[in-house]
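FYI, it's all coordinate maths here, none of it is from the lab. Bear in mind the structure is a predicted one, so any value in this text is a computation, not a measurement. Positions of Cβ are backbone-derived with ideal geometry, glycine not excepted, and every protein chain shown enters the neighbour counts.
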Amino acid sequence: MRRALALAAVVVATLAGSYLALVSFRQDRVLSVGEIRLSVSPGHKGALDIYVPLVDWGARFEAIRLPARLRVDLKTIDRDVVKRVATGGQFDVQSVRQDARDAIATYLRNLVLLVFLCGGSLGVLVAFAVRGGATPKLRYTTGAAIVTALLTAIALVVLLPPRGPIDTPQYYAFGPDIPRALEAVETAQRSTRALDQELDAQLVGLARLVTAPANRPALENRPRLTLASDLHNNVLALPILERTAARGPVFFAGDLTDRGSPIEAALIRRVVRTGKPFVFVPGNHDSDTLTRQLARDGAVVLTRSGRRSANGETSGRPVVTVAGLRVAGYDDPFERQAGDNFADRYNRAPDPAEVARFATWMRGVRDDVDIVMVHNPALLPDALEELDADPPAEPLTILVGHTHEAELTRRPGATVINAGTVGAGGTGNLLEREKIGIARLSYEAEPSFEPLAVDMVTIDPRSGSATARRERLDEAPPEPDA
């Protein structure tokens, strides 16, 4: 009995030492996107837990056979990475994922070694403590401690590392909106690729998990357009537009200025450098002087009769190929004229005749165009009704402005995108406290144009707080509430 109790004490001590090492060992690792902490929590159904406190979301994968959770918590985030991604920049996702895998593998190796050493050490200490008398010889008790520690380490090697496909997540979080969020997530069917994309976004703390069918195209490495309008001379917003565009195309749906005067044209002429190319359709606060200046500076200035040149003439071909896309623009009927001393010609709304003229123009381009640009959405009703009644093969993408309100409208015949006001209402509207609005359109270019998603971003220029939402355009819109 004393020999059995002595051996049992050594084995229990070894297991206790191993368990204490397992629950207490944590390791911090610095990745290119931030710092992660790795740990193990025994006593749960085996799973790999990835938790991002910044967005208060976790993903749990039942890919571990040991009754323990391998936790990966994102502790800190690199501010430079956040700013780069938030402004449309890219980073090497595969490199980050490989770094994370290497960090987990290193942690597991260190953990197994520490469990073996701590368990074996405590077992050997107990073996020395119970030696003598009728207890087994020291070589047997120390051998039992080492064998038990070794078997524990082998069990960890076999059972703790994640095995098999990691593609069936459970989501959890601790915020007040969890029930609604989880209900939405539970209805989603995700493929490994779509899930990988969302977890990559979580690694930099910028994205929220979104519901989506499993067969939707991934947005990674797809071409993007930056959509904006209504700067109204607020040149302080130009760096935001430039950083968001990230040297890609900028489509600007009117109202760069307030009057379109030569002074204003000179003030904002550097806007052309925000996009490659910079595509522009005039609004009611722009002028013929401004558009000629923009054309001289290299902008693609669109009118209902084609691209406008530096001398004010138009090409006569309404549809222009820009960045591989077929684009047409309808210059605002209230565009100001230098001959009228840039007087305001806008009378609050287009009349029915002007709305009908736009619908007639749309009939002539609808089958040959991917994107239509027009400043004032009040011109659209007749054309939209016709498009809904006889939809094209794919809904047209129509970019508008004027209202200073970000809005996305999806109809059978067209998707209408209004990014808001990139100039927060402009220098003449400082008391209206409007928010900066900007949007980015991701699309498929080959074999033909297909819009995939639009990101609508609004920024409060006073507090710096921002909100963003992504709307997939390659899926049917959600049914309106009854």
For this session: On each of the three principal axes of the Cα atoms of region 292-415, give max minus min coordinate, whole Å, ordered largest first.
Result: 42, 35, 26
Seminar exercise, completed: Shape descriptors of region 2-169 over alpha-carbon atoms, Rg and Dmax in angstrom, are 20.3, 75
For this session: Evaluate Rg over Rh across region 356-469, taking Cα atoms for both radii and Kirkwood's formula for Rh.
Result: 1.03
Exercise. Could you put Tyr51, Tyr330 in order, starting from the residue whose Cβ has the fewest other Cβ atoms within 10 Å?
Worked result: Tyr51, Tyr330
Exercise. When every alpha-carbon pair in region 224-472 is counted, what percent end up more than 23 Å apart?
Worked result: 44 percent
Exercise. With each label point set 7 Å from Cα along the Cα-Cβ vector, what nm distance links Arg410 and Gln27?
Worked result: 4.5 nm
Exercise. For Leu396, which sequence-distant residues (separation of 5 or more, or a different chain) have an amide H within less than 5 Å of its own amide H, given hydrogens modelled in the peptide plane?
Worked result: Ala414, Thr415
Seminar exercise, completed: Here the net charge surrounding Thr135, from other residues whose Cβ is less than 9 Å away from its Cβ (Lys, Arg +1; Asp, Glu -1), is +4
Problem set entry | Order by protection proxy (mean Cβ within 10 Å, highest first), peptides 334-342, 221-229 | 221-229, 334-342
For this session: Report the semi-axes of the equivalent ellipsoid for region 345-395 in whole Å, largest first, where each axis is √(5λ) for an eigenvalue λ of the Cα gyration tensor.
Result: 21, 11, 9
For this session: Would you mind checking region 9-41 for residues with the amide N under 19 Å from a putative spin-label position 7 Å along Cα→C-beta of Leu117?
Result: 14-29, 38-40
For this session: Order the peptides 388-396, 366-374 from the highest to the lowest mean number of other Cβ atoms within 10 Å of their residues.
Result: 366-374, 388-396
Problem set entry | Extension gain from Ala105 to Asp390, taking 0.36 nm per residue of separation minus the Cα-Cα distance | 96.8 nm
Exercise. What are the residues whose amide H is under 5 Å from the amide H of Val72, where those residues sit 5 or more places off or on another chain and H is modelled from the backbone?
Worked result: Asp49, Ile50, Tyr51
Exercise. At what distance in nm do the modelled label points of Arg222 and Ala468 sit from each other, each positioned 7 Å from its Cα along Cα→Cβ?
Worked result: 1.5 nm
Seminar exercise, completed: So the FRET efficiency between Arg139 and Gln94, C-beta based with R0 = 60 Å and rounded to 0.05, is 0.70
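How long is the gain from Ala155 to Lys45 if the chain were fully straight, where each residue apart is worth 0.36 nm and the alpha carbon distance is subtracted?
Gain on stretching Ala155 to Lys45: 38.0 nm.
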For this session: With r as the distance between the Cβ atoms of Ser315 and Asp367 and R0 = 22 Å, compute the FRET efficiency 1/(1 + (r/R0)^6) and round to 0.05.
Result: 0.70
Exercise. Using mean Cβ contacts within 10 Å as the protection proxy, how do 243-254, 346-357, 8-19, 95-106 order, highest first?
Worked result: 243-254, 8-19, 95-106, 346-357
